[in-house]
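Following: one structure in structure tokens, then a few remarks.
None of the figures in this text is laboratory data; all of them are computed from the coordinates on show. All figures in this text were calculated on a predicted structure; none of them were measured in a lab. Virtual Cβ from ideal backbone geometry, glycine too; neighbours counted across all protein chains shown.
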Amino acid sequence: MSMRKLLVLLLFVGGPVLYLSRRRDERRERVHLYYDDGSMVTLEDGAPEAERLLAVARSAL
Amino acid sequence: MDAASALADLTEISSQVEAAVVLDDAGAVVASTIDDAERSARLARAALDLLDAAGKRLEQGGRSLTQLEAALREGSVFVAREEGRSIVATTSAEPTSGLVFYDLKTCLRSLAQPEQSEPARPKRRTAKTKVSEIGDVDA
């Protein structure tokens, strides 16, 4: 297989995989905390602090 | 601006906000876009719980929490606070967080501004002048 065909194959397979992976990351549950000093902390789903906060948020929706 | 008008402006400006509640510094509901008082109170309670839980665990080194977003698959909950007042809002899934926070902060700041509906009162000096004029007439 020529190098060109390999690159085309990578583009057609890797592109959608990368896109779907990013979409999945975007849809993950998380909490963003913003502080007065301009800093921000993100708590990903699965972190102990996030679980509690997400449960409270879920009750509000 | 009063809280109800500020919330009306918010929902008009931000199509992403589904419901919003303004709380005072004691955590009491000041105004809400939700007609159901029980649901408003539940959203307010959730906001206070979120601020409390996030603050207790994560406020360190003198910094304090000003706003938070809890992003769930079914929607997001935003809380912002400024000068004692807080606002909590719910949105649909995957909102534009920056815009929602901007709109919430704008709403809070509009509450902090003094009412401008009343016409400006005349200065005290003018009133005194009138009184003295009347006095002159009587004399």
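Key figures
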quantity: Residue tally, condition under 20 Å from B:GLY27 (Cβ atoms) and in a loop (DSSP other than H, G, I, E, B), over the range B:76-110; calculated: 2
quantity: The one condition in (1) within 14 Å of another protein chain (Cβ to nearest Cβ); (2) of a type in the set (A, V, I, L, M); (3) farther than 21 Å from B:PHE101 by Cα that A:LEU11 fails to fulfil; calculated: (1)
quantity: Criterion: assigned to a helix (DSSP H, G or I), under 24 Å from B:SER64 (Cβ atoms) and within 16 Å of the chain's Cα centre (by Cα) - qualifying residue of A:ALA50, A:ALA57; calculated: A:ALA50
quantity: Close pairs (6 angstrom Cβ cut-off, 6 or more residues apart or separate chains): more than 7 Å from chain B (Cβ to nearest Cβ) in the range A:32-53, in a loop (DSSP other than H, G, I, E, B) and surrounded by 14 or more Cβ atoms within 10 Å (Cβ to Cβ) anywhere; calculated: A:ASP45/A:GLU29
quantity: Matching entry among B:ARG63, B:ARG73 (being at the interface with chain A (Cβ under 8 Å from one of its Cβ atoms), outside any helix (DSSP H, G or I), touching a Lys or Arg at 6+ places or on another chain (Cβ under 8 Å) and surrounded by fewer than 21 Cβ atoms within 10 Å (Cβ to Cβ)); calculated: B:ARG73
quantity: Filter result (surrounded by 15 or more Cβ atoms within 10 Å (Cβ to Cβ) and among the acidic types (Asp, Glu)) within the range B:44-58; calculated: B:ASP49
quantity: Neighbours by Cβ (under 6 Å, 6+ apart or cross-chain): first from the range B:21-33, farther than 19 Å from A:LEU61 by Cβ; second not in a loop (DSSP other than H, G, I, E, B); calculated: B:ASP24/B:VAL30; B:GLY27/B:LEU48; B:VAL30/B:ALA3; B:VAL30/B:VAL22; B:ALA31/B:ALA3; B:ALA31/B:ALA4; B:ALA31/B:LEU7; B:ALA31/B:VAL22
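Here's the yes/no breakdown for (1) more than 22 Å from B:THR106 (Cβ to Cβ); (2) surrounded by fewer than 19 Cβ atoms within 10 Å (Cβ to Cβ):
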position	(1), (2)
B:ALA6	no, no
B:VAL17	no, no
B:ALA20	no, no
B:ASP24	no, yes
B:ASP35	yes, yes
B:GLU38	yes, yes
B:ARG42	yes, yes
